[in-house]
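First comes the structure, then the notes that go with it.
The values are calculated or read from the model by the stated rules, or taken from the named source; none is laboratory data. Because the structure is predicted, anything quoted here is derived from the model rather than measured. Reconstructed Cβ throughout: ideal geometry from the backbone, glycine too, with neighbour counts over all protein chains shown.
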Amino acid sequence: MQSSNNKHHQGNKIHIKKGDTVRVLAGNDRKKEGIVLKVFPKSYRAVVEGIHIVSKHRKPTSKKPQGEILKVEAPMHISNLMLVNPATGKAERVGRKANEAGKLQRYFKKTGHFI
């Protein structure tokens, strides 16, 4: 049985990968840019460097008897992210098409350049 979280994204391909520079389209960090650190395909989420920072509370330990509050990046939904074209510096839509070798490759729809 599948969880209700990911049933809506079963057929969707993920348009971003680890290491890509993306721009945030929605939320408190809107219009900010960052590098994708990790992608979670099943839940359709990604962790972006410096974006969607949340406070995580740690219990006290023998090394840190006070406990601590860490600021960490939380995963955000991929629909709120758009890939940035390094040539233009703008966020652009991404598609897939075959290159000269016949292999499917991502490309920017506006400029037609392969990623």
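Here are the numbers:
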quantity: Scan of the range 10-52 for residues that are of a type in the set (Asp, Glu) and touching a residue at least 60 places away in the same chain (Cβ under 8 Å), ordered by number; calculated: 20
quantity: Yes/no for residue 95 being surrounded by 10 or more Cβ atoms within 10 Å (Cβ to Cβ), out of contact with any Cys (no Cβ under 6 Å at 6 or more places or on another chain) and not assigned by TED's automatic domain parsing to the domain that holds residue 113; calculated: no
quantity: Qualifying positions in the range 60-76 - of a type outside the set (A, V, I, L, M, F, W, C) and assigned to a strand (DSSP E or B); calculated: 68, 71, 73
quantity: Qualifying residue in the range 77-92 (condition: part of a helix (DSSP H, G or I) and either of a type in the set (Gly, Ala, Ser) or closer than 30 Å to residue 60 by Cα (or both)); calculated: yes
quantity: Subset of the range 6-59 that is among the hydroxyl-bearing types (Ser, Thr, Tyr) and assigned to a loop (DSSP other than H, G, I, E, B) - its residue that is modelled with the highest pLDDT; calculated: 44
